[in-house]
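Chemist: First, the structure itself, so that you have it in front of you.
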Amino acid sequence: MRRRAVVTLCAGLALLAGCAAPSQERPGDADGRAPAATSAPVRGHRGPDLPPVVDHVPTRDPVVFLTYDDGAERDPRFVALVRERRLPVSLFLTDSVVGPGYAHFARLRSVGASLQNHTLDHPALRGLPYAGQRAEICGQQHKLHSRFGVRPHLFRPPYGTFDTTTLRAAADCGIRAVVLWRASLDGDGELNRRRGGPGLRPGDIVSVPSGDTDSLTLAERTRRLLREIDRGGLRVGRLEDYLDNHLGDHSGDHPERTPGRRAPGN
């Protein structure tokens, strides 16, 4: 009976409870790049406790969600932008990339950013044994808890690649949702949409890869993205709040949730 309920929920929420397919993106490509293959339901998942895989959140609110990967680029102007615009951004951090830069992310968290899990060492997880995948995911959970006192409940697999073992390991590490993306921003600030036509749509999760470029800083790329969001009549929402709502969690016990920071007008 419990399994039947999960299947029903999966059908009702599409990707949210159903689950984007493992990306066919090759290891070595930057996170946030659109993979060659489109998403399709993952077959063969067993058990009711695997986290859903999402690349958007079904909502009628005119919101999109900004997510940032790795933590390679530590632009102080980005901190100022997040504070100035009250942007509820989500940062998926990799320990080996962040290195000594955790103080930068403490500042971002203090102005409203949430910190989420992107593994310890950024490997392509698909095909790795359970023990190795669990070590990567749980290890970063422990690292972020020791640094910030938080236990992330969202996880983004490096390169967007994963398998059922990834979902099992993520669940065992306390992850409630695996987050992919519907659109991404390149180093020149150009928006690339995986599917569904040009432009942004309500509920889209946008990935902004981190890393220095020869053209635009992270703050400049974000400002360009915000102009496109404004032109579309949209605003930036807090991904954690919307996902918790759709996953049926109203407990309010997540340390990374900051009610009321959906930042209208940003």
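Chemist: Classify segment 61-147 as rounded, prolate or oblate, taking a ≥ b ≥ c as the square roots of the eigenvalues of its Cα gyration tensor: rounded when a/c is under 1.5, otherwise prolate if a/b is larger than b/c and oblate if not.
Modeler: prolate
Chemist: Given the convex hull over the Cα atoms of segment 52-209, what projected area results after averaging over all orientations, in nm²?
Modeler: Over all viewing directions, segment 52-209 projects a mean Cα-hull area of 9.3 nm².
Chemist: Karplus couplings for segment 59-73 from phi (6.51 cos²θ - 1.76 cosθ + 1.60, θ = phi - 60°), rounded to Hz, Gly and Pro as x?
Modeler: These are the phi-based 3J(HN,Hα) values: 7, 8, 5, x, 10, 10, 10, 9, 10, 10, 9, 6, x, 6, 9 Hz.
Quick note: the coordinates plus some simple rules give every number you see, no bench work behind them. In this text the structure is predicted, and so the values were computed from the model without any measurement.
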